[in-house]
Amino acid sequence: PGGSGRDLQAAIAVRAPSLARRIIFATGDGSAEETRRFASTVGAVLITKPFSAEDLERAIAEATRR
């Protein structure tokens with residue numbers, strides 16, 4: 001509570017770096033360059049809302065290959 005997705009990713013990166021690469025960020029702001037840059041920098045999968053079940057399945061498959 002009170003934290004952001006970025007905060008959670010940072011905490012996981014400290015405790016379990018291999019899991020940090022497997023995070024999927026779901027955002028309604030996926031077109032913003034800052035959001036895309038952040039996801040790319042930390043190696044996370046980014047999925048933009050609204051998304052379909054198939055989009056989510058692809059994101060999960062991508063994240064689990066990391």
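The values are calculated or read from the model by the stated rules, or taken from the named source; none is laboratory data. Model, not experiment: these values are computed from the prediction. All Cβ positions, glycine included, derive from the backbone under ideal geometry; neighbour counts span all protein chains shown. The area values use the complete protein model at the heavy-atom level, side chains included, leaving out ligands, DNA and RNA. Shrake-Rupley method; radii C 1.70, N 1.55, O 1.52, S 1.80 Å.
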(Q) When you check Phe51 against the structure, is it open to solvent by less than 90 Å² (accessible area, probe 1.4 Å), among the hydrophobic types (A, V, I, L, M, F, W, C) and not in a helix (DSSP H, G or I), yes or no? (A) yes
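Is it true that Ser52 is among the polar types (S, T, N, Q) and either modelled with pLDDT under 90 or within 13 Å of the chain's Cα centre (by Cα) (or both)? Explain how you work it out, then say what you get.
Values: among the polar types (S, T, N, Q): yes; either modelled with pLDDT under 90 or within 13 Å of the chain's Cα centre (by Cα) (or both): no.
In short, no.
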Q) Considering region 5-30 alone, what residues qualify as being open to solvent by 70 Å² or more (accessible area, probe 1.4 Å) and either under 22 Å from Thr64 (Cβ atoms) or over 14 Å from the mean Cα position of the chain (by Cα) (or both)? A) Arg6, Leu8, Val14, Arg15, Pro17, Leu19, Arg21, Arg22
